[in-house]
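*Asks:* If you scroll down you'll find the structure; I have some questions about it.
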Amino acid sequence: SLRCSRSALLTFLEDRGLPWIDDPSNADARFERVRVREAMPALDALGLSVARLAGTAETLRGASDVVQHQVHSLAQSAARPLPAGCIQLDRGLLLRALPEVRLRLLAAALDWIAYAVHPPRLTALKELDVALSLPPSHRTLHGCSGLIRRDSVWILREAARLGPEVPAGDDWDGRWTTSAEVPDLHVAALGEAGVRQLADWRAHGLPREALAATPAFWKEGALIAAPFANLGKDCHVRLRAGPSDFFVDLALR
């Protein structure tokens, strides 16, 4: 806890006969945490005591929890994550949401699509947010593409960041489990080459770019199956659980 001082912690350990180890880095002024700790007496004299800072942090944490609750509510009404590995967002509902709520929802969508451990860069995220109020466009960030349409925003994998082909049965693009009853197949993105082989790509309810980013099964350069284009049999894919589970229940319900 931020309210627990070093001396109080040492007293707690001594009273219980428990050992401790002093980390030498805790006295190394090259680290910001050490410089902040050394500045605390001066801050305390200005009324910025540890207790006051801890109280402020708790207040901010409570406010963040309220905002996050609103983010989940917005996701329920405005987000349509699809088993094909992309998310459709209602552009009008996004624009009517509070900016902080909208930014957090966009960040969660990007993390879910990219299977990222770290959040997107704030500057790039804000640029995407500004673009929501502009004419339709196509943005790339965080390993994703954002397709801004008249009434919707699609978040999908960026074509240039998709994984290389793998043997059927292996995980593809870090996001998909794959299996095939047909031997000697490989899994790679459907891509433009595959989309061009479909009789009517529009019939599958996805933007062309989103369909192109879905996994497909190939053999010696020939398209054998594309699960999200209802092409072929005995070949299966499923989204893996990722670092962010924000949209899992919505996507797979």
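*Asks:* Towards the positive end of the charge dipole of the chain, with charges on Cβ (+1 Lys, Arg; -1 Asp, Glu), say which of L125, N230, C144 has the farthest Cα.
*Replies:* Result: L125, furthest along the dipole toward the positive end.
*Asks:* Work out, step by step, the length gained on full extension between K219 and S7: first 0.36 nm times the residue separation, then minus their alpha carbon distance; give nm to one decimal.
*Replies:* My answer for the length gained is 69.6 nm.
*Asks:* Just the ratio, please: alpha-carbon radius of gyration of the chain over 2.2 N^0.38 Å, N its number of residues.
*Replies:* For the chain, the normalised Cα radius of gyration is 1.36.
*Asks:* Starting from the 7 Å offset along Cα-to-Cβ, what nm value, one decimal, do you get for the label separation of A27 and V66?
*Replies:* 4.5
*Asks:* Spin-label point model (7 Å from Cα, Cβ direction): what's the D184 to D170 distance in nm?
*Replies:* 1.8
*Asks:* Moving on. Decide, for segment 105-253, between rounded, prolate and oblate: order the square roots of the alpha carbon gyration tensor eigenvalues as a ≥ b ≥ c, take rounded if a/c falls under 1.5, and otherwise choose prolate if a/b is larger than b/c, else oblate.
*Replies:* prolate
*Asks:* Still on this structure: Among V187, A168, V153, which residue has its Cα furthest toward the positive end of the charge dipole of segment 152-207, with +1 on Lys/Arg Cβ and -1 on Asp/Glu Cβ?
*Replies:* Comparing the listed Cα positions along the dipole, V153 ranks first.
*Asks:* Tell me which residues come under 5 Å, amide H to amide H, from T140 once H is placed; ignore anything under 5 positions away on its chain.
*Replies:* HN-HN under 5 Å from T140: G146.
*Asks:* I'd like the carbon and sulfur percentage of the solvent accessible area for the chain, probe radius 1.4 Å, heavy atoms only, ligands and nucleic acids excluded.
*Replies:* Solvent-exposed carbon and sulfur of the chain make up 55 percent of the total.
*Asks:* How many Å² of accessible area per residue for segment 64-183, probe 1.4 Å?
*Replies:* 49
*Asks:* Continuing with this model, one more query. Let me know the charge dipole size of the chain about its Cα centre in debye, to the nearest 20, where only the beta-carbon of Lys, Arg (+1) and Asp, Glu (-1) is charged.
*Replies:* Computed charge dipole of the chain: roughly 820 debye.
*Asks:* Also: With r defined as the distance between the Cβ atoms of D90 and H236 and R0 fixed at 30 Å, what FRET efficiency is calculated, to the nearest 0.05?
*Replies:* Efficiency for this residue pair is about 0.50.
The values are calculated or read from the model by the stated rules, or taken from the named source; none is laboratory data. Predicted model only: the values in this text are computed from it and were never measured. Here the Cβ is made from the backbone with ideal geometry for all residues, glycine too, and neighbour counts use every protein chain on show. Just so you know, the surface numbers come from the protein's heavy atoms only, side chains and all, with ligands and any DNA or RNA stripped out. Shrake-Rupley method; radii C 1.70, N 1.55, O 1.52, S 1.80 Å.
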